[in-house]
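Data first, discussion second: the structure below is written as structure tokens.
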Amino acid sequence: MKDVVIYTVDYCPYCKKAELLLNEKGIPYKKIDITQNEDDYRNKLGQMYGIEGRVTVPQIIIGHKRIGGFDVLNKLNNAGELDELLED
């Protein structure tokens, strides 16, 4: 299974939804809470992934691919594509 990383802030309902979905599916992930240095991390994430403007959270990375936020994660799951994406 590919590594999953999720960047979150502690007050974000979509971050909590993404974590819940991953937990319910039994998908292990590394959570990086950026709440304490939010502006710095948002800028770094933007630079790392070529995102213009303010980076939203959650940001979910599967393997080395940034898939985006909860809406995309949920859509992939509902379409049956999330499990395929996680395969090595």
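Dividing the mean sequence gap of close Cα pairs (under 8 Å, 6+ apart) by how many residues region 4-86 holds gives a relative contact order of 34 percent.
Charges were assigned to the Cβ only: +1 to each Lys and Arg, -1 to each Asp and Glu. The resulting dipole of the chain about its Cα centre is roughly 120 debye.
Over the residues of the chain, the helix contribution to mean residue ellipticity at 222 nm works out to -12500 deg cm²/dmol, using -39500 (n - 2.57) for each DSSP H run of at least 4.
Residues of region 70-88 with an amide N closer than 19 Å to a point placed 7 Å from the Cα of MET1 along the Cα-to-Cβ direction: 70, 73-88.
Taking the square roots of five times each eigenvalue of the Cα gyration tensor of the chain, the equivalent ellipsoid has semi-axes of 21, 14, 11 Å, listed largest first. If the segment from ILE67 to ASP33 were pulled out straight at 0.36 nm per residue, it would be longer than the present Cα-Cα gap by 10.5 nm. Residues of region 29-65 with the amide nitrogen closer than 13 Å to a label point 7 Å from the Cα of TYR11, along Cα-to-Cβ, please. Only 35-39 pass the distance filter.
Values quoted throughout were computed directly from the atomic coordinates according to the rules given, and no laboratory measurement underlies them. What you are looking at is a predicted structure, and each value in this text was computed from that prediction instead of being measured. Quick reminder, even Gly has a Cβ in these numbers, built from the backbone with ideal geometry, and neighbours come from all protein chains shown.
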